[in-house]
Amino acid sequence: MDLPQRPRRLRRTPVLRDLVAENRVHPDQLVMPHFCLNQESGREAIDSMPGIERLGRKELVDQVRDDLALGIRSVLLFGLASAGEKNATGTHSSANDGAVPLAVSTLKAEFGDRINVITDVCLCAYTDHGHCGVIEDGEVRNDPSLALLAEMALAHAVAGADVIAPSDMMDGRIDAIREVLDDNGYENIAIMSYSAKYASAYYGPFRDAADSAPSESSDVPKDRKTYQMDARNRREARREASLDEMEGADILMVKPGLAYLDIIAEVERMTDLPVAVYNVSGEYSMVKAAAERGWIDEPAVVSENLHAFARAGADIIITYHAREALAGEWI
Ligand code: PBG
Ligand code: ZN
């Protein structure tokens, strides 16, 4: 008797496989991260992230213009602070002439609403100890950090940011940021919350790029485990996501991506908000390192990873691969 079921029929040709593909990744879903120098011009390589550079404003505008031609219409900005700009409470994070506010106003002046400018809000690149909140009595204190984060978000909104993305993981930050934005007339500026952000070893290359690693000398542990989530936890991600939603977040993010596909699926099932995933630096650099050695087929691996995020339920994919994936037609 003939086999009753032949799933392979629909895999026979590429065009047939494309017809029945359940998920696609579109350029509109991609967000390209950028590391912004507080300089008119300049570019610096990042050793642990081949293909990614810290950019001055002129180079940033040129890069974003080229990326826009490829179809990348959303950027996520991180700021660099010089050693002299760092202090215990990271006050430079809310300076109107900091790297991010100046990059935002420059990009918005150049591109207007042709691009979404999203800004990361966190203190770690601005504190001399490298933690995401202020340290008092030997601990990273939650509530005293909230006002600083809200001031930082406000500085970004004043500069013209479209979306504010807090990555600090202090409790109550969405509420604190929403209130300050609303009180200052920015009630239409959206918040994309790093809701389920895990204390991950995959952030290593980013901390080189942003010079934001917790320092050896601080009197609190050199990791972020008292505020970022424990990798062993799934239900806790639901709790963080619901709190952020209740506090007024507009988009929920899961971070990192590849080791947390189950969390993306979990959050997508529980919310009606858009879900974002951050394909983080370590995930990027591992692909790059293996590809450089000829051990993997980079275009195929990147396509597979990006489609995995879509399949898991992500609407928005923040990835350092965005430019090469589109330029090379990897997706
Ligand atoms: C800042 C921040 C980090 C990342 C995004 N925002 C680093 C961290 O929490 O230590 C990581 C992004 C990446 O690894 O690509 N809090
Ligand atoms: Zn931080």
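The values are calculated or read from the model by the stated rules, or taken from the named source; none is laboratory data. No experiment lies behind these values; they were computed from the predicted model shown. Here the Cβ positions follow ideal geometry from the backbone for every residue, glycine too, while neighbour counts run over all protein chains shown.
Points worth noting:
- Candidates are the residues of segment 264-274 that are closer than 13 Å to SER242 by Cα and either crowded, with 24+ Cβ neighbours inside 10 Å or among the charged types (D, E, K, R) (or both); the one that is nearest to ligand 1 (Cβ to nearest atom) is VAL267.
- Here ARG65 qualifies as basic (Lys, Arg) and loosely packed, with under 15 Cβ neighbours inside 10 Å.
- The number of residues in segment 194-225 being within 13 Å of ligand 1 (Cβ to nearest atom) and farther than 18 Å from ILE177 by Cβ comes to 22.
- Of all residues in segment 81-99, those satisfying the criterion of being touching a strand residue (DSSP E or B) at 6+ places or on another chain (Cβ under 8 Å) and not small (Gly, Ala, Ser) are LYS86, ASN87, THR89.
- Cβ pairs under 6 Å, 6+ apart, first in segment 65-86 and under 20 Å from GLY112 (Cα atoms), second of a type in the set (Gly, Ala, Ser) and outside any strand (DSSP E or B): LEU70/ALA327; ILE72/ALA322; LEU77/ALA103; PHE78/ALA210
- The one condition in (1) in a helix (DSSP H, G or I); (2) within 14 Å of ligand 2 (Cβ to nearest atom); (3) surrounded by fewer than 23 Cβ atoms within 10 Å (Cβ to Cβ) that THR89 fails to fulfil: (1)
- Check on MET192, buried (at least 24 other Cβ atoms within 10 Å of the Cβ), within 16 Å of ligand 2 (Cβ to nearest atom) and either acidic (Asp, Glu) or not in a loop (DSSP other than H, G, I, E, B) (or both): yes
- SER218, sole failed condition from (1) under 13 Å from CYS132 (Cβ atoms); (2) among the hydroxyl-bearing types (Ser, Thr, Tyr); (3) touching an Asp or Glu at 6+ places or on another chain (Cβ under 6 Å); (4) more than 11 Å from ligand 2 (Cβ to nearest atom): (3)
- Here PRO256 clears all of (1) at pLDDT below 95; (2) closer than 24 Å to ARG54 by Cβ; (3) not charged (D, E, K, R) except the condition numbered (1).
- Within segment 151-170, the residues that satisfy the criterion of being within 16 Å of ligand 1 (Cβ to nearest atom) and either surrounded by fewer than 24 Cβ atoms within 10 Å (Cβ to Cβ) or farther than 14 Å from PHE78 by Cα (or both) are VAL163, SER167, MET169, MET170.
- Residue list for segment 228-258, filter: part of a loop (DSSP other than H, G, I, E, B) and surrounded by fewer than 19 Cβ atoms within 10 Å (Cβ to Cβ): ASP230, ALA231, ARG232, ASN233, ARG234, GLY248, ASP250
- Annotation note: Cβ proximity below 6 Å between a residue of segment 270-295 that is closer than 24 Å to LEU76 by Cα and a residue that is basic (Lys, Arg) and assigned to a strand (DSSP E or B) (sequence gap 6+ or interchain) occurs for TYR278/LYS255.
- Test: residue in segment 153-167 that is of a type outside the set (A, V, I, L, M, F, W, C), part of a helix (DSSP H, G or I) and within 16 Å of ligand 2 (Cβ to nearest atom): yes
- Candidates ILE135, ILE174, filtered to the one that is among the hydrophobic types (A, V, I, L, M, F, W, C), under 21 Å from ARG224 (Cβ atoms), within 16 Å of ligand 2 (Cβ to nearest atom) and part of a strand (DSSP E or B): ILE135
- Of VAL64, VAL15, all but one fail to be farther than 30 Å from GLU139 by Cα, assigned to a helix (DSSP H, G or I), touching a helix residue (DSSP H, G or I) at 6+ places or on another chain (Cβ under 9 Å) and at pLDDT 95 or above; the exception is VAL64.
- Taken over segment 32-49, the criterion of being crowded, with 16+ Cβ neighbours inside 10 Å and in contact with a Lys or Arg (Cβ under 8 Å, 6 or more places away or on another chain) is satisfied by MET32, PHE35, CYS36, LEU37, GLN39, ILE46, MET49.
- Residue in segment 280-322 that is surrounded by the fewest Cβ atoms within 10 Å (Cβ to Cβ), counting only those that are of a type in the set (Asp, Glu) and part of a helix (DSSP H, G or I): GLU292
- Candidates LEU77, LEU107: the one that is at pLDDT 95 or above, over 25 Å from LYS197 (Cα atoms) and either in contact with a helix residue (DSSP H, G or I) (Cβ under 7 Å, 6 or more places away or on another chain) or assigned to a strand (DSSP E or B) (or both) is LEU107.
- Summed over segment 117-126, the residues that are under 15 Å from MET170 (Cα atoms) and either more than 8 Å from ligand 2 (Cβ to nearest atom) or assigned to a strand (DSSP E or B) (or both) give a count of 2.
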